[in-house]
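Read the structure below first, then the notes.
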Ligand code: FES
Ligand SMILES: [Fe+2]
């Protein structure tokens, strides 16, 4: 009989636990020797990364019009949990009320606008009390208490509820529309993307660690390495490269989202299954439009929200999800080592490369960025972005 502790580590994703679509894709991955690189001719001008107009278009037509990922369900697992997020411009307050529903509000008191909750770590609160004059709000956003209310002639509490934003919890991610009184289209997230995320068990996973990176690079340069395997054997030569093969794998559009499924170095089509940890031989990487990156590893999933701050500044909120909190020394050691390793690979390799590219683009080394067949998901992603910004 395995112990409960051993079972926790053995509770691993198998091919059988995946969605029908994920399984069919894995079964269609060619052997590495047959995975040939297509030659493509595609490029993006420097202005696509450095132009004020492009950045303004992305903000207006994408980040303020479509739902954006605000946080993970794992950060607010219980009723009474609250979290303030400041990475998008409007400061957003997320609450999970007694009814289990996550709601999003502007993190601003409706008396004089003071922030209700400090950004940072998730917290627990039965109600929200403004630190300034102690106006008090329920987690559903209603104004429920005003000290010395008799001093406000004609105050109508119902008109001073918190300013609510459109919000949905889908596939273990909390998606928010940043424009008040808008009706953003959540349907794209609710299709195959949600089915896949649920099969990966993202909604019920545990947030083992979270780290914020503040990068000096355009957000698209930060995103690019997660859309291509071309750099893996090179940039990561001294870290994770030996685990990966120099092949494209299979990629699909899921609406505006992109899913890449690729075989690791030991992958062979006739050797998947049999209850083995599928993420030892397969990597799933998703770009959930516009700015959520999901990458699977054998014992954890990396989730990254890339929030553009300016043309040349991006905040990345990284969370490592595990199947439960570590409850024994072996699991703790495995997770701790994995966490240190992945922060080092993303932080010191991928993100640093993005910052270096941004500096080189500013210096005008070349008129445009060109892409090869191993990078073909990047032009695809940009064509989806163009369709939203109206540049197509
Ligand atoms: S600003 Fe919040 S109670 Fe006055
Ligand atoms: Fe990378």
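Only the coordinates and a few stated rules stand behind these numbers; no lab work does. Only a predicted model underlies this, so the values are computations on that prediction, with no experimental measurement involved. FYI the Cβ positions are ideal-geometry reconstructions off the backbone, even for glycines, and counts take in every protein chain you see.
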Handout entry: 0 to 90° range, to nearest 10: angle between helix 351-363 axis and the chain longest Cα axis
Key = 90
Completion exercise
the chain, Gaussian network, Cα under 10 Å: of 183, 60, 158, the residue fluctuating most is 158
Fill in the blank from the handout: Relative to the chain, whose Cα atoms define the longest principal axis, helix 377-389 and its Cα axis are tilted in degrees, nearest 10, by 30
Handout entry: For the chain: rounded, prolate or oblate by the Cα gyration tensor [a/c cutoff 1.5]
Key = oblate
Problem - Contact order relative to length of the chain, as percent, for alpha carbon pairs under 8 angstrom and 6 or more apart - result: 23
Problem - Distance between region 281-295 and region 214-246 - C-alpha centres, whole angstrom - result: 13
Exercise for the section: Only helical DSSP H runs with n ≥ 4 go in: add -39500 (n - 2.57) per run for the chain, normalise by residue count and round the 222 nm mean residue ellipticity to 500 deg cm²/dmol. Expected result: -6000 deg cm²/dmol
Handout entry: Sorted peptide list for 167-176, 24-33, criterion being average Cβ within 10 angstrom, highest first
Key = 167-176, 24-33
Exercise for the section: For helix 329-345, report the angle its Cα long axis makes with the longest principal axis of the Cα atoms of the chain; keep it between 0 and 90° and round to the nearest 10°. Expected result: 80
Exercise for the section: Would you give the gap between the C-alpha center of region 307-346 and the C-alpha center of region 93-159, rounded to a whole Å? Expected result: 32
